[in-house]
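The values are calculated or read from the model by the stated rules, or taken from the named source; none is laboratory data. Quick caveat, the model's predicted, so the values are computed rather than measured. Cβ placement follows ideal geometry from the backbone for every residue including glycine, while neighbour counts extend to all protein chains displayed.
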């Protein structure tokens, strides 16, 4: 009767469950006793009784005395744990979990309603040294009165999962999540690239060939012993198709960051058949840190990157220090030679004296050192080097040297030495943009850059993208131009023009005054957005753009732009502020004054929060232009793993 009445009230639009707000929790599995309280196991991963960690340090963050986990018989064991059937009688289901971050059907937790998966959650990272269990919450209000079971999965031959304290509750323990549908999960970015599962970081090997953009990246797929190169392709820099691992690790030796290119003249001699060789340069990083050197290696493809082989003559470069890495290789037309810029790390012990080494080759297989650029802490990891025309004039060019954050130096290059003409220039604020690389061989001389949108604090990374099968995301692709300014030539970065293909609806809100406290974005929901605005702030004291739990603000007096933890100093131009803001499910990217500087941040909001506002304080402002584009997802409604 209760089930039928609840369903009837919901069908009539009545909200049946608030009346239960003060009801006590209904425990579904606490794993405190000597047996599993009716939970059924299959396979051999889970034991017949809960595990009591005590003070062993095996786990932390659990409640009571016991947990259940699937690693007691060895990580290669597989199996599942199924709860007794229960009726959904509360708003939320809370539980504690940690383990291998994977697809929920492989390693994770699923809510089965009438035999079908209605909710799912992945675990966190087992790399967390504290093995800390984290709270996860499912919002089940729409399932009230239905019969359900919980299934804990370990179908991995390399991982495990630990869970504790399943309970129905009218209070959520964390922001509700759901990972039921691949690429549509609660915290899956919808127009930023992510791996399907596992860890992602630096952009690698990016090149354009025969109409396709190839994005490679640092990837730690679930169960792999070391970092590999992931691979995806796109026809438009928007819609990415995941491909199999491009360059696998060598045992426990990792494939670290590097670059890619098209060998147009077959300088490498590796051409077979009609396709040009595609070459990929990377650092082979040893599993042991005990004095074993990182070396620079090459892989290649002769079939358009459908398959990639490791060069049998590896390594192609050995350097005296042990941790030199991240080779960026490029062509210099005037000297008809190939060049590599490489991070020379001083064994990772003397960052203040780090440099970028510049090497030359005629055959892409043997290299000579020409120059060390630096020294200083700025010259650290993930270099890139390329030529850009000033104001689009091909007869006036400068060479740009960038570091992992995209910050850069403007200079000249004659095929023998890079000569800096500026001090390092900061373009990005916040530590959420790193490992940036640009595409080689882009059509029309375009310079398109993608960076890793890091979540920052390493200690917090096991619990970011909570309940999701993936960890970390890439930035939206940026187009780089070099423009004349009063301070000299400067890089400007803007989202690639292809973003317009994602627009589903445009709100042109026009030019108008904005009174203090009024919301210029009233009536627009905080979905996937591209916001363009130009404001006169001469009378206002502060500008605020809020989206759910994130805020971008500008303080006129202090000249500080703040986005999450970023706070660059930014002078207004004639009292005006120009902003371009991309808002995805878990990230905000802001391009200021035409892209002269940018800031970005990653956050994990409660999806129930529908805040979206643009307001001013301390006086009125004038909106010169305000256009809001709603975007569609780049992912299909369902993607098979």
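Looking only at region 1-30, filter to residues that are at pLDDT 95 or above and part of a loop (DSSP other than H, G, I, E, B); which one of those is surrounded by the most Cβ atoms within 10 Å (Cβ to Cβ)? Steps first, answer last, please.
From region 1-30, those at pLDDT 95 or above are 24-30; that's our starting set.
Then drop every residue that is not part of a loop (DSSP other than H, G, I, E, B), which leaves 24-25, 30.
Values: 24: 11, 25: 14, 30: 18.
Among residues in region 1-30 that are at pLDDT 95 or above and part of a loop (DSSP other than H, G, I, E, B), the one surrounded by the most Cβ atoms within 10 Å (Cβ to Cβ) is 30.
Show me the strands (runs of 3 or more DSSP E) entirely contained within region 539-641 in which 2 or more residues are more than 23 Å from residue 473 (Cα to Cα) and over 24 Å from the mean Cα position of the chain (by Cα).
On the way: elements: 542-547, 550-555, 560-563, 576-583, 587-592, 597-602, 612-617, 621-631.
Fully inside region 539-641 and qualifying: 542-547, 550-555, 576-583, 612-617, 621-631.
Being surrounded by fewer than 18 Cβ atoms within 10 Å (Cβ to Cβ) and either in a strand (DSSP E or B) or assigned by TED's automatic domain parsing to the domain that holds residue 233 (or both), is that true of even one residue in region 514-524? Break it down stepwise before answering.
Keep residues of region 514-524 that are surrounded by fewer than 18 Cβ atoms within 10 Å (Cβ to Cβ), which gives 515-519, 522-523.
If we keep only those that are either in a strand (DSSP E or B) or assigned by TED's automatic domain parsing to the domain that holds residue 233 (or both) too, we end up with none.
Within region 514-524 (the criterion being surrounded by fewer than 18 Cβ atoms within 10 Å (Cβ to Cβ) and either in a strand (DSSP E or B) or assigned by TED's automatic domain parsing to the domain that holds residue 233 (or both)), the answer is no, since none of the residues qualifies.
For region 108-134, enumerate the residues that are touching a strand residue (DSSP E or B) at 6+ places or on another chain (Cβ under 6 Å), within 17 Å of residue 97 (Cα to Cα) and surrounded by fewer than 18 Cβ atoms within 10 Å (Cβ to Cβ).
Selection gives 130, 132.
Identify all residues within region 298-320 that are more than 18 Å from residue 246 (Cα to Cα) and crowded, with 18+ Cβ neighbours inside 10 Å; write none if there are none.
316, 317, 319, listed by residue number.
Assess whether residue 86 counts as being modelled with pLDDT of 95 or more, out of contact with any helix residue (DSSP H, G or I) (no Cβ under 9 Å at 6 or more places or on another chain) and surrounded by fewer than 18 Cβ atoms within 10 Å (Cβ to Cβ). Give the derivation first.
On the way: modelled with pLDDT of 95 or more: yes; out of contact with any helix residue (DSSP H, G or I) (no Cβ under 9 Å at 6 or more places or on another chain): yes; surrounded by fewer than 18 Cβ atoms within 10 Å (Cβ to Cβ): yes.
When the stated conditions are applied, residue 86 passes them.
Examine region 196-208 for a residue that is surrounded by fewer than 22 Cβ atoms within 10 Å (Cβ to Cβ) and in contact with a helix residue (DSSP H, G or I) (Cβ under 8 Å, 6 or more places away or on another chain), and state whether such a residue exists.
Taking every residue of region 196-208 in turn, at least one turns out to be surrounded by fewer than 22 Cβ atoms within 10 Å (Cβ to Cβ) and in contact with a helix residue (DSSP H, G or I) (Cβ under 8 Å, 6 or more places away or on another chain).
Of the conditions (1) touching a residue at least 24 places away in the same chain (Cβ under 8 Å); (2) exposed (fewer than 14 other Cβ atoms within 10 Å of the Cβ); (3) within 18 Å of residue 260 (Cα to Cα), residue 332 clears all except one; give me its number.
(2)
Test residue 221 against the criterion of being touching a strand residue (DSSP E or B) at 6+ places or on another chain (Cβ under 9 Å) and surrounded by fewer than 23 Cβ atoms within 10 Å (Cβ to Cβ), and give yes or no.
Details: touching a strand residue (DSSP E or B) at 6+ places or on another chain (Cβ under 9 Å): yes; surrounded by fewer than 23 Cβ atoms within 10 Å (Cβ to Cβ): yes.
It is true that residue 221 is touching a strand residue (DSSP E or B) at 6+ places or on another chain (Cβ under 9 Å) and surrounded by fewer than 23 Cβ atoms within 10 Å (Cβ to Cβ).
Which of the residues spanning region 431-471 are at positive phi and either crowded, with 22+ Cβ neighbours inside 10 Å or free of Cβ contacts under 8 Å to residues at least 24 places away in the same chain (or both)?
Filtering region 431-471 for residues at positive phi gives 435, 441, 444-445, 456, 465, 467.
Across region 431-471, the qualifying residues are 435, 444, 465, 467.
Going by the conditions given, is residue 391 within 29 Å of residue 300 (Cα to Cα) and either buried (at least 18 other Cβ atoms within 10 Å of the Cβ) or in contact (Cβ under 8 Å) with a residue 24 or more places away in the chain (or both)?
Working: within 29 Å of residue 300 (Cα to Cα): no; either buried (at least 18 other Cβ atoms within 10 Å of the Cβ) or in contact (Cβ under 8 Å) with a residue 24 or more places away in the chain (or both): yes.
For residue 391, the condition - within 29 Å of residue 300 (Cα to Cα) and either buried (at least 18 other Cβ atoms within 10 Å of the Cβ) or in contact (Cβ under 8 Å) with a residue 24 or more places away in the chain (or both) - is not met.
Which numbered condition in (1) modelled with pLDDT of 95 or more; (2) touching a strand residue (DSSP E or B) at 6+ places or on another chain (Cβ under 6 Å) is the only one that residue 171 fails?
Result: residue 171 passes all but (2).
Would you check if there is a residue in region 35-42 being at pLDDT 95 or above, surrounded by 19 or more Cβ atoms within 10 Å (Cβ to Cβ), part of a loop (DSSP other than H, G, I, E, B) and in contact with a strand residue (DSSP E or B) (Cβ under 6 Å, 6 or more places away or on another chain)?
yes
Taking region 141-165 as the region of interest, how many residues are closer than 14 Å to residue 89 by Cβ and buried (at least 23 other Cβ atoms within 10 Å of the Cβ)? Don't jump to the end; show me each part of the working.
Initially, region 141-165 is screened for residues closer than 14 Å to residue 89 by Cβ, giving 141-148.
Still in the running and buried (at least 23 other Cβ atoms within 10 Å of the Cβ): none.
Result for region 141-165: 0.
Anything in region 525-538 that is under 16 Å from residue 631 (Cβ atoms) and part of a strand (DSSP E or B)? List them, or say none. Outline the logic, then answer.
Of all residues in region 525-538, those under 16 Å from residue 631 (Cβ atoms) come to 525-532.
Within region 525-538, 529, 530, 531, 532 meet the criteria.
Please tell me if residue 373 is within 18 Å of residue 344 (Cα to Cα), buried (at least 17 other Cβ atoms within 10 Å of the Cβ), more than 24 Å from the chain's Cα centre (by Cα) and touching a residue at least 12 places away in the same chain (Cβ under 8 Å).
On the way: within 18 Å of residue 344 (Cα to Cα): yes; buried (at least 17 other Cβ atoms within 10 Å of the Cβ): yes; more than 24 Å from the chain's Cα centre (by Cα): yes; touching a residue at least 12 places away in the same chain (Cβ under 8 Å): yes.
So residue 373 passes the test.
What are the residue pairs meeting all of these: first residue in region 218-235, first residue outside the structural domain of residue 280 (by TED's automatic domain parsing), second residue assigned to a strand (DSSP E or B) and modelled with pLDDT of 95 or more, Cβ atoms under 8 Å, and 6 or more apart or on different chains?
As it stands, the answer is none, since no pair meets every condition given.
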